[in-house]
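Working notes, structure below.
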């Protein structure tokens, strides 16, 4: 692949278009924690209306300001400027997870991939309200938050993920919170990435355990990318230690030839890859991870439990009861919640087996924005496949990466699957530069802000 700058990547991925854009690594969507629901103690002030300007057209309320929510908020108004768009998000600052593994090893600073929701809303022309969504009455078309309630004509539910520690044998809340705080996964926004960076900066050697969960977890290649960069960090800093990568899957889930080659050729003395590790518990005191037949001791760790959709979906009674990940029960071609043609669930909330990644969410966000705008006008919209372009660094300073470019197809009786897959698994500098360009392009697309060099 030839040299890629940001402008070239925008052309490659189609990010600059309003219909179909690129897909890739993970985008940290914030999880709107459900703190009250039907039958629960009411949130103080929940029955008062959030003071908002009178809408000039149909009001679209978006729950969650991750890649999906930010994309839809911005591009709804591109599709139909008469709409009144309100984004409900509990955080004041947006944190972009793709390329965050580079932050962990000191390759970029936090400000590089953090953005202000106020600025994104100003750039996009919509209203941002800092509030935690607690429930929604889909019959009355009202969303409840800790700041009050807001009525809607159309609703988008995109609250991100939660972790399921029970799936790795951790049921005790005390142990769960110790894992969250002492050995964070680093796939949700906020302090997890800062804690991991500080953990690595203070690492003096020994065993660093990194894990990959089963299921459709957020950002398929990111755990393997993280192992590469931590190993590279150890190598560059001449630390005596290794990364033991415990994978619940039988093999590397994506770009496996490239990652296996990197583990063996670049980090043969630093990486031990363990597939089919069936997690059965973690002893925080002895720093031991257990499987059914084995145990691994560590000095430091990043424990990534199984991913599930936000618990808010269950509070709203729109989660699939047959799904181990509790994703929303939606029409796969329209994202509409079954029984409610004006309610949509997107991003990590969808059940379709698309990559839970930033560009996938970005591309489907463009589609859903178009679909909602068309529905407001009484028009149908033909389904469009999300697009997944995924760069993964295997070394830094200089950055060198591998990548995949894929779409999706649907076959009756077989369901959804990857289509038109293109792989580049020989790492090089051009793809490393493409990784940075990719991140900047998505950030610019969802926030309307300029890239930060």
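Where a number appears in this text, it was derived from the coordinates with a stated rule and is not lab data. Worth saying up front: this structure is predicted, and the values here are computed from it rather than measured.
Computed from the alpha carbon atoms alone, the convex hull of the stretch 383-453 holds 100 Å³ per residue. Over the stretch 283-353, the pair-distance histogram of Cα-Cα distances with 5 Å bins from zero comes to 3, 15, 21, 15, 7, 8, 12, 9, 6, 3, 0 percent, rounded to whole numbers.
Note that the stretch 135-230, at 37 °C in a medium of 0.692 mPa s, gets a Stokes-Einstein diffusion coefficient of 198 µm²/s from its Kirkwood radius over C-alpha pairs. Note on the stretch 109-155: Kirkwood radius taken over Cα pairs, Stokes-Einstein applied at 4 °C and 1.567 mPa s, translational D equal to 103 µm² s⁻¹.
In plain terms, the C-alpha convex hull of the stretch 271-398 casts an average shadow of 11.9 nm² when viewed from every direction. Mean projected area of the convex hull spanned by the Cα atoms of the stretch 275-315, taken over all viewing directions: 4.3 nm². Divided by 2.2 N^0.38 Å, where N counts the residues, the Cα radius of gyration of the stretch 164-307 comes to 0.97. Each listed q (0.11, 0.16, 0.17 Å⁻¹) maps to a log10 I(q)/I(0) for the stretch 327-453 from the Debye sum over equal C-alpha point scatterers, namely -0.47, -0.89, -0.96. In terms of its Cα atoms, the chain spans 63, 52, 46 Å along the principal axes, sorted from long to short.
Binning the C-alpha pair distances of the stretch 330-388 at 5 Å intervals from 0 yields a P(r) profile of 4, 20, 31, 27, 12, 5, 0 %, listed from the shortest bin outward. Axis of helix 173-182 versus longest Cα principal axis of the chain: the two differ by about 70°, to the nearest ten degrees.
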